[in-house]
Amino acid sequence: MTISNDGELAQLEEIGRIVANALKAMGAAIEPGMTTQELDRIGRDILESSGARSGPELCYGFPGATCISVNEEIAHGVPGERRIRAGDLVNIDVSAEKNGIFADTGASFAVPPVSKSIERLCRDGRRAMWTGIRQVGANRPLGGIGQAIGEFARRNRYTLIRNLASHGVGRSLHEEPKEIATWPDRSERRTINEGLVFTIEPFLSMGSEFAESGDDGWTLLGDPKTPTVQYEHTVVATRNGALVVTLPG
């Protein structure tokens, strides 16, 4: 989606706030003993009370309102009877639609007590995302996002998942540009158009480089299975840089 008027931007900001509010509430509610299905219900209630519909349910028939991935699961985890435990690393991905406009956000949460290395991984996962966001702007190279995140990961001795990319969003959950690398890709020659709406969502890992399918047909696992975090915002490219629309309010 490319924003063409103030009305479209207002609609995008509205659904952006909704998914951000759901993510914030879910993150605050995490506690040992609760199931991922119970956590998903919190997100569903916020989406539905705000007049929004779950993106993965609507577009792909996903069996849950949100994606909740625990430990070895790094993306697209199906909410269910799995109980969250102290020391777990929980990733929550919330996307939704309202009035024909989609927004997408996500974050990883460490359930105390956790090691210093996991605390650092979470901190640096957010830093990696913002490193990418700072590369966004009208007429700037799209490849600059992955180059900057890749340098951050290399400097801090992390790996990046190289088959889960950022993507365009807005009129649908996944749209052009569908593959935006959050790792260095020398073949990338595209330019960011003014008003372009897309996600920035690097998967920062302590050793994994690829995501592989689990047994349920939805959940993705790290290969190799090492701690991995994902942080995600939906942004609009402007002449002054990135406008982040997935902030709670």
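Rule-based calculations on the coordinates, nothing more; no lab input. This structure is a prediction, so every number in the text was calculated from the model and none was measured. Because the Cβ atoms are built from the backbone with ideal geometry, glycine has one as well, and the counts that use them run over all protein chains shown.
Taking only DSSP H segments of four or more residues, each worth -39500 (n - 2.57), what value at 222 nm results for the chain once the sum is divided by all its residues, to the nearest 500 deg cm²/dmol? Working shown, then result.
Values: 5 runs with 75 residues, N = 249.
Result for the chain, helices only: -10000 deg cm²/dmol.
Using Cβ counts within 10 Å as a stand-in for footprinting exposure, how do 34, 26, 206, 129 rank, fewest first?
By the 10 Å Cβ count, ascending: 34, 206, 26, 129.
Can you pull the one-decimal nm distance between simple spin-label points at residue 193 and residue 31, each 7 Å off the Cα toward Cβ?
4.9
With charges set only on the Cβ (+1 for Lys and Arg, -1 for Asp and Glu), what does the dipole of the chain come to about its Cα centre, in debye to the nearest 20? Provide the component values of the computation, followed by the final result.
Values: 27 positive and 33 negative charges, 200 e Å.
It works out to roughly 960 debye.
Expressed in nm to one decimal, what extension gain is obtained for the pair residue 126 and residue 140 from 0.36 nm per residue of sequence separation less their Cα-Cα distance? Mind dumping the intermediate values first?
Numbers: separation 14, 0.36 × 14 = 5.04 nm, distance 2.21 nm.
Taking 0.36 nm per residue and subtracting the Cα distance, the gain is 2.8 nm.
Grab the other residues whose beta carbon is less than 14 angstrom from that of residue 79, score K and R as +1, D and E as -1, and report the net.
Numbers: positive: 41, 44, 82, 83; negative: 38, 40, 45, 57, 73, 81, 93, 216.
Here the count lands on -4.
What is the diffusion coefficient of the stretch 6-244 in µm²/s, taking the Kirkwood radius over Cα pairs and the Stokes-Einstein relation at 20 °C with a viscosity of 1.002 mPa s?
Values: Rh = 17.7 Å.
D = 121 µm²/s.
Between residue 176 and residue 85, what length in nm is gained on full extension when 0.36 nm per residue of separation is reduced by their alpha carbon distance?
On the way: separation 91, 0.36 × 91 = 32.76 nm, distance 3.82 nm.
The span from residue 176 to residue 85 would gain 28.9 nm if fully extended.
Would you mind ranking 94, 114 so that the residue whose beta carbon has the fewest other beta carbons within 10 Å leads the list? Present the calculation step by step, with values, prior to reporting the outcome.
Numbers: 94 32, 114 16.
Ordered from fewest to most neighbouring Cβ atoms within 10 Å, 94, 114 come out as 114, 94.
Quick one: what are the phi-derived ³J(HN,Hα) couplings along the stretch 148-161, Karplus 6.51/-1.76/1.60 with θ = phi - 60°, whole Hz, x for glycine and proline?
3J(HN,Hα) across the stretch 148-161, in whole Hz: 5, 5, x, 5, 4, 4, 4, 5, 9, 6, 10, 10, 10, 6.
When the chain is modelled as a GNM with alpha-carbon springs shorter than 10 Å, which of 194, 176, 81 fluctuates the most?
Looking only at 194, 176, 81, the biggest GNM fluctuation is shown by 81.
Could you check the simple spin-label distance between residue 59 and residue 225, using points 7 Å along Cα→Cβ, in nm with one decimal?
2.9
Using 0.36 nm times the number of residues separating residue 163 and residue 238, minus their current alpha carbon distance, what extension gain do you get? Walk me through the numbers on the way to the answer.
Details: separation 75, 0.36 × 75 = 27.00 nm, distance 2.74 nm.
Result: 24.3 nm gained on full extension.
Give me, ordered by chain and number, the residues 5 or more places off residue 140 or on other chains with an amide H under 5 Å from its own placed amide H.
192
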